[in-house]
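Q: Please find one structure pasted underneath; my questions will follow.
The values are calculated or read from the model by the stated rules, or taken from the named source; none is laboratory data. Everything quoted here is computed from the prediction, not taken from an experiment. All Cβ positions, glycine included, derive from the backbone under ideal geometry; neighbour counts span all protein chains shown. What goes into the accessible areas is simple: the full protein's heavy atoms, side chains included, and nothing from ligands, DNA or RNA. Shrake-Rupley method; radii C 1.70, N 1.55, O 1.52, S 1.80 Å.
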Amino acid sequence: MDKVPITVRGFAALEEELKHRQQVERQRIIQAIAEARALGDLSENAEYHAAKEAQSHNEGRVLELESMISRAEIIDVTKLSGNKIKFGAIVKLVDEDTEEEKTYQIVGEPEADVRSGRVSITSPIARALIGKGVGDTVEVTTPGGGKSYEVVGVQYGA
């Protein structure tokens, strides 16, 4: 099994979601199934089928979270430093076409959220940025076409 890099914050979020699904969601779903069973005929009981489907979804996610947690390689980004981009870096970029500034942190796949500025280490933009430094130009092939960015800042520790 390959180890999956993840930040301390991302690992804590996975553990919190797992705990919530095991201790809160599981109990809520068991209660919903019991209430639906009390309604009688299960073959035409929509509430029962919906609760069983929710149970299946929840248990699948629990297994997925347990797998991610067991494979996690926790990296404390507050202890990283340097002027080259690597896992955990907070990178400030300028789009060379629009002059728009963007800031991304390179994180593990389970914690990636582009809207929050966290991109997966396996994403095209992160792969293009790894090893670069301030002043470098990066070409990224995206689903919307090619983009060119200039690296204007690299920092660690957030």
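Q: So which residues in the stretch 1-23 are touching a strand residue (DSSP E or B) at 6+ places or on another chain (Cβ under 8 Å) and either β-branched (Val, Ile, Thr) or assigned to a helix (DSSP H, G or I) (or both), if there are any at all?
A: Taking the stretch 1-23 as the starting set, the residues that turn out to be touching a strand residue (DSSP E or B) at 6+ places or on another chain (Cβ under 8 Å) are 3-8, 10-11, 14.
The answer is Val4, Ile6, Thr7, Val8, Gly10, Phe11, Leu14.
Q: Turning to a different aspect of this structure: Restricting to the stretch 98-130, name every residue that is in contact (Cβ under 8 Å) with a residue 60 or more places away in the chain and not in a strand (DSSP E or B).
A: Gly108, Glu109, Pro110, Glu111, Ile121, listed by residue number.
Q: Okay, moving on. If you scan the stretch 61-80, which residues turn out to be open to solvent by 80 Å² or more (accessible area, probe 1.4 Å) and over 17 Å from Ala13 (Cβ atoms)?
A: Leu63, Lys79
Q: I would also like to ask the following. Which one is nearest to the chain's Cα centre (by Cα) among residues in the stretch 51-60 that are surrounded by 14 or more Cβ atoms within 10 Å (Cβ to Cβ) and either among the small types (Gly, Ala, Ser) or more than 21 Å from Ala36 (Cβ to Cβ) (or both)?
A: Residues of the stretch 51-60 surrounded by 14 or more Cβ atoms within 10 Å (Cβ to Cβ): 51-52, 54-55, 58-59.
With the extra rule that they be either among the small types (Gly, Ala, Ser) or more than 21 Å from Ala36 (Cβ to Cβ) (or both), the set shrinks to 51, 54.
Working: Ala51: 27, Ala54: 22 Å.
By that ranking, first place goes to Ala54.
Q: What about Glu16, is it loosely packed, with under 14 Cβ neighbours inside 10 Å, farther than 18 Å from Gly88 by Cβ and modelled with pLDDT under 95? Break it down into steps so the answer makes sense when it comes.
A: Details: loosely packed, with under 14 Cβ neighbours inside 10 Å: yes; farther than 18 Å from Gly88 by Cβ: yes; modelled with pLDDT under 95: no.
Criteria not met by Glu16.
Q: What residue, of Asp2, Asp97, Asp41, is under 19 Å from Ile121 (Cβ atoms) and acidic (Asp, Glu)?
A: Values: Asp97 fails: under 19 Å from Ile121 (Cβ atoms); Asp41 fails: under 19 Å from Ile121 (Cβ atoms).
After applying the criteria, what remains is Asp2.
Q: Tally the residues that are within 19 Å of Asp95 (Cβ to Cβ), touching a residue at least 24 places away in the same chain (Cβ under 8 Å) and part of a loop (DSSP other than H, G, I, E, B), restricting the search to the stretch 131-158.
A: In the first step, residues of the stretch 131-158 are kept if they are within 19 Å of Asp95 (Cβ to Cβ); the result is 132-154.
Cutting the leftovers down to touching a residue at least 24 places away in the same chain (Cβ under 8 Å) gives us 132-134, 137-138, 147-154.
Among the residues that remain, those that are also part of a loop (DSSP other than H, G, I, E, B) are: 132, 134.
Residues that pass the stated criteria total 2.
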